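Colleague: First the structure, then my questions, so here it is.
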Amino acid sequence: MKLALGTAQFGMAYGIANRGGRPDLAVVEEILGRARALGIDTLDTAIAYGDAEERLGRVGVSDLRVVTKIPGVPADVEDVAAWVVASIEGSLERLGVPRLHGVLLHRPGQLTGPAGADLLEGLDRLVGQGVADRVGVSVYGPEELDALPAGWLPGLVQAPLSLFDCRLADSGWLARLAEAGVEVHTRSCFLQGLLLMEPDARPSFVDAWADHFARYDAFVAERGITRVQAALGGVVARPGVDRVVVGVDHARQLDEVAGVASSPPSLPPSPLCCEDVGLIDPAQWPPTPRNDEVRT
């Protein structure tokens, strides 16, 4: 299964379409059980996702491949490499797992700053100690990949890719990463649920892109597909994408998403690509409790 299960919503009320808040632990356990049954073997989490790591540890995830993320290095840290290792040791304890499939930097721009060399040393220690299979970066856009230190190749990259946001592919980075053997996880295919909303349920700030959404609605209607099929199908089918990270609020949603991922519709290259980060980058949306507290 090409899906990975995102867990930001397990630790906080995450997502612009989220109306139910953080799910109960029993719901988390049900979602994880359904994920296993569907053949989903990878979880995406982060230290910054509230208490998501702790809650995952409580329900048990030692049989799954877990990818977590390290937040930006605080200014008062003196030994950055040791801080990286200690941060992940804390994640391992909270998650109740002996090792991680991946460790990503949430602030990859720090690699080119004063702490850059020490950050890389800390990541190397994680691999050398057998704590992480792969280390890499979580980015907002391909320009952050352009700025990575010369000569350093991440083992895992997570980046946004959706029907609206084609930057990873159009920049050539998706093909380059795949050719170099870098594992690629994409996120935001639903734009925090925005692409799944009916027109009358969308937040008012998207009125600025009314014409774009009209084309999206026509795209869905003309092909006789669901919004899940439209938003997920083209991303899952792209060569070079190893996992598509999706978040759900209950097991029924996961069934629908997994069904599409197993048999994605045949879609043309997206005619809806948009370069306006005001739309395609949730971090640029008007602040709400659901989209301004966490970098995915």
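Colleague: How many residues, within region 223-241, are out of contact with any helix residue (DSSP H, G or I) (no Cβ under 8 Å at 6 or more places or on another chain) and either modelled with pLDDT under 95 or outside any helix (DSSP H, G or I) (or both)?
Modeller: Looking only at that region, the number is 3.
Colleague: Applying the selection to region 68-89, what residues are touching a residue at least 40 places away in the same chain (Cβ under 8 Å) and under 21 Å from the mean Cα position of the chain (by Cα)?
Modeller: Those that are touching a residue at least 40 places away in the same chain (Cβ under 8 Å) and under 21 Å from the mean Cα position of the chain (by Cα): Lys69, Val73, Val84, Ser87, Ile88.
Colleague: Any residue in region 232-245 that's farther than 14 Å from Trp173 by Cβ and without any contact (Cβ under 8 Å) to a residue 60 or more places away in the chain: show its pairings with residues that are part of a loop (DSSP other than H, G, I, E, B) and aromatic (Phe, Trp, Tyr) at Cβ separation under 9 Å, as long as the two are six or more apart or on different chains.
Modeller: Leu232/Phe190
Colleague: Given (1) open to solvent by less than 10 Å² (accessible area, probe 1.4 Å); (2) out of contact with any helix residue (DSSP H, G or I) (no Cβ under 7 Å at 6 or more places or on another chain); (3) not in a loop (DSSP other than H, G, I, E, B), where does Pro154 come up short, assuming only one miss?
Modeller: Failing condition for Pro154: (3).
Colleague: If you don't mind, another one. If we keep just the residues of region 191-222 that are part of a helix (DSSP H, G or I) and of a type in the set (Gly, Ala, Ser), which is surrounded by the fewest Cβ atoms within 10 Å (Cβ to Cβ)?
Modeller: Filtering first and then ranking leaves Ser204.
Colleague: Determine the pairs where a residue that is farther than 15 Å from Gly233 by Cβ, located within region 186-205, has a partner that is acidic (Asp, Glu) and part of a strand (DSSP E or B) with Cβ atoms under 9 Å apart, the partner being 6 or more residues away or on another chain.
Modeller: Note: pairs meeting the criteria are Arg187/Asp44.
Colleague: For a quick check of your reading: which helices (runs of 4 or more DSSP H) sit entirely within region 1-91 and have at least 1 residues that are within 24 Å of Leu191 (Cβ to Cβ), open to solvent by 30 Å² or more (accessible area, probe 1.4 Å) and out of contact with any Pro (no Cβ under 8 Å at 6 or more places or on another chain)?
Modeller: 25-38
Colleague: So which pairs qualify, if the first residue must be in region 278-296 and closer than 18 Å to Thr7 by Cβ, the second must be among the basic types (Lys, Arg) and at pLDDT 90 or above, the Cβ gap must be under 7 Å, and the two must be at least 6 apart or on different chains?
Modeller: These pairs meet every condition: Thr296/Arg187.
Colleague: With respect to Phe219, determine if the residue is over 30 Å from Arg22 (Cβ atoms), out of contact with any helix residue (DSSP H, G or I) (no Cβ under 6 Å at 6 or more places or on another chain) and modelled with pLDDT of 95 or more.
Modeller: For Phe219, the condition - over 30 Å from Arg22 (Cβ atoms), out of contact with any helix residue (DSSP H, G or I) (no Cβ under 6 Å at 6 or more places or on another chain) and modelled with pLDDT of 95 or more - is met.
Colleague: Does region 159-169 contain any residue that is aliphatic (A, V, I, L, M), farther than 20 Å from Pro239 by Cα and touching a residue at least 40 places away in the same chain (Cβ under 8 Å)?
Modeller: no
Colleague: For region 164-175, name all the residues that are touching a helix residue (DSSP H, G or I) at 6+ places or on another chain (Cβ under 8 Å), open to solvent by less than 10 Å² (accessible area, probe 1.4 Å) and assigned to a loop (DSSP other than H, G, I, E, B).
Modeller: Those that are touching a helix residue (DSSP H, G or I) at 6+ places or on another chain (Cβ under 8 Å), open to solvent by less than 10 Å² (accessible area, probe 1.4 Å) and assigned to a loop (DSSP other than H, G, I, E, B): Phe164, Asp165.
Colleague: State all residues of region 242-265 that are hydroxyl-bearing (Ser, Thr, Tyr) and not in a helix (DSSP H, G or I); if no residue qualifies, say none.
Modeller: The answer is Ser263, and nothing else.
Colleague: Can you tell me which residue is most open to solvent (accessible area, probe 1.4 Å) among those in region 268-296 that are modelled with pLDDT of 90 or more and aliphatic (A, V, I, L, M)?
Modeller: Here the residue is Val277.
Colleague: Can you tell me which residue among Leu123, Leu119, Leu105, Leu95 is over 28 Å from His212 (Cβ atoms), touching a Gly at 6+ places or on another chain (Cβ under 6 Å) and open to solvent by less than 50 Å² (accessible area, probe 1.4 Å)?
Modeller: Result: Leu95 is the single residue among Leu123, Leu119, Leu105, Leu95 that is over 28 Å from His212 (Cβ atoms), touching a Gly at 6+ places or on another chain (Cβ under 6 Å) and open to solvent by less than 50 Å² (accessible area, probe 1.4 Å).
Colleague: Also: Could you figure out which of (1) at pLDDT below 95; (2) more than 25 Å from Arg243 (Cα to Cα); (3) of a type outside the set (Lys, Arg) isn't true of His106?
Modeller: If we test His106 against (1) at pLDDT below 95; (2) more than 25 Å from Arg243 (Cα to Cα); (3) of a type outside the set (Lys, Arg), just (2) comes out false.
Colleague: Consider Ala178 carefully, then state whether it is open to solvent by 30 Å² or more (accessible area, probe 1.4 Å) and either in contact with a Ser or Thr (Cβ under 7 Å, 6 or more places away or on another chain) or not in a loop (DSSP other than H, G, I, E, B) (or both).
Modeller: yes
The values are calculated or read from the model by the stated rules, or taken from the named source; none is laboratory data. Being a predicted model, the structure only gives us computed values, none of them experimental. Glycine gets a Cβ as well: all are built from the backbone with ideal geometry, and neighbour counts include every protein chain shown. Protein only, heavy atoms only, side chains kept; ligands, DNA and RNA dropped before computing areas. Shrake-Rupley method; radii C 1.70, N 1.55, O 1.52, S 1.80 Å.
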